[in-house]
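The values are calculated or read from the model by the stated rules, or taken from the named source; none is laboratory data. This is a predicted model, so every value here is computed, not measured. Ideal geometry is used to build each Cβ from the backbone, glycine not excepted, and the neighbour counts take in all protein chains shown.
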Ligand SMILES: Cc1cc2nc3c(=O)[nH]c(=O)nc-3n(C[C@H](O)[C@H](O)[C@H](O)COP(=O)(O)OP(=O)(O)OC[C@H]3O[C@@H](n4cnc5c(N)ncnc54)[C@H](O)[C@@H]3O)c2cc1C
């Protein structure tokens, strides 16, 4: 298995919890979605256990680029174009609310996770993308959303040492983190609030009905729960007997490469990307970390569930991008490479809420590549939906799984 830099340097949970006999809510999957849901449920007094096959943040949540983004990576005018003005505003507000709630939680709980709140730089790969960024800026300005348009001539000040970009949009609300430290920090906070976090618990079947599910593990153990929440991304769709997850959620694989620490690395602590966020990069402890280019190989890594291998052609294409845009990194080795599996949906929005046709079951998954930026608040909204029947956040109807119900 090829672990990410983040997984190799992060510390494990301080405490291993045993499998409880019975809880109110069983959360299957211990990525950011699972631990966020568990934290908010436990804080509200619900008994909850997270059942995680490997260890917390072992999959996508520990293998990403650690960027906390606004707009699910899309330029704002494109969100308007796809969803319409009102829903675009709701979506943007949801992400802004997520960041505020997440930052407050990390500060209150004292989670040390390399959070740098220095904003994000969306770079234009082509003159065409620059014109789109200007369009996005016009809309952001009209709606009073904080941003700054960076003309091509100003780029040396914003991103010293970069070559070949055509301008940028700066979003001060974006940030970067060490994702494994962040997700395990949330998991520890959930434990303190009373949640059981059970690692090495691979769920193989969910029998029974709402109020009394039997959750069976691959090693023969089992647990009972009144409610089940699927937080398994695209990795265990078959556990949902309604068939909605198999029908709707699809996997795709991202790849990241990284240097060891480089002396005098000139790049700022921004979340950075270009080419409509298809290529994304940042600095971490003087290492340059970059992912993307999945579109540069046939098949675009769609349908792949294996994150123990990588594609050498993508590595070569990422290196070519680095050498083109950052001459200072020519000749610098990139010894670290890893992949992670993401989950997509046909409309590009996550699934958050009750699974239709299967009372007592809920889902929080399929973030289309941006779950680190979305799942904390979504976990709180889902906890509200489970306990109170609905969440007051106005964006929640956008994410209802029932939009994909077949009948
Ligand atoms: C290369 C890459 C770069 C990315 N960059 C960013 C970024 O910069 N910003 C951003 O916002 N997002 C980014 N993402 C996306 C983000 O990482 C994901 O959207 C998010 O981590 C998904 O979280 P999750 O909890 O749904 O899934 P996961 O983290 O995949 O968690 C699912 C968990 O379920 C467990 N599981 C599976 N089957 C079972 C079972 N049968 N029983 C028990 N447990 C099971 C798995 O072991 C896993 O831990 C990136 C992703 C990748 C791969």
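Of the numbered criteria (1) surrounded by 23 or more Cβ atoms within 10 Å (Cβ to Cβ); (2) within 14 Å of the chain's Cα centre (by Cα); (3) at pLDDT 95 or above, the one residue 58 fails is (1).
Listed by position, the helices (runs of 4 or more DSSP H) contained in region 58-162 that have at least 3 residues being in contact (Cβ under 8 Å) with a residue 12 or more places away in the chain are 76-83, 85-109, 127-142. For region 278-293, residues that are on the phi > 0 side of the Ramachandran plot, surrounded by fewer than 22 Cβ atoms within 10 Å (Cβ to Cβ) and in contact with a strand residue (DSSP E or B) (Cβ under 8 Å, 6 or more places away or on another chain) total 0. Considering (1) surrounded by fewer than 24 Cβ atoms within 10 Å (Cβ to Cβ); (2) more than 15 Å from the ligand (Cβ to nearest atom), the lone condition that residue 76 does not fulfil carries the number (1). Quickly run through region 16-33 and pick out the residues that are within 16 Å of residue 236 (Cβ to Cβ) and more than 12 Å from the chain's Cα centre (by Cα). Within region 16-33, 26, 27, 28, 29, 30 meet the criteria. For region 198-214, a residue qualifies if it is in a loop (DSSP other than H, G, I, E, B) and farther than 25 Å from residue 12 by Cβ, and the qualifying residues are 210, 211. Picking from 363, 383, which residue would you name as being within 16 Å of the ligand (Cβ to nearest atom) and touching a strand residue (DSSP E or B) at 6+ places or on another chain (Cβ under 7 Å)? So the residue among 363, 383 that is within 16 Å of the ligand (Cβ to nearest atom) and touching a strand residue (DSSP E or B) at 6+ places or on another chain (Cβ under 7 Å) is 363. Here residue 180 fulfils each of the conditions (1) part of a helix (DSSP H, G or I); (2) within 21 Å of residue 72 (Cβ to Cβ); (3) in contact (Cβ under 8 Å) with a residue 24 or more places away in the chain apart from (2).
Taken over region 161-202, the criterion of being more than 14 Å from the ligand (Cβ to nearest atom) and on the phi > 0 side of the Ramachandran plot is satisfied by 161, 164, 167, 194.
Looking only at residues in region 43-52 that are in a strand (DSSP E or B) and more than 9 Å from the ligand (Cβ to nearest atom), the one that is surrounded by the most Cβ atoms within 10 Å (Cβ to Cβ) is 48. Tell me which residues, restricted to region 332-354, are crowded, with 19+ Cβ neighbours inside 10 Å and away from the ligand (no atom under 15 Å from the Cβ). Residue satisfying the conditions is 354 alone.
Of all residues in region 7-42, those being assigned to a strand (DSSP E or B) and more than 14 Å from the ligand (Cβ to nearest atom) number 4.
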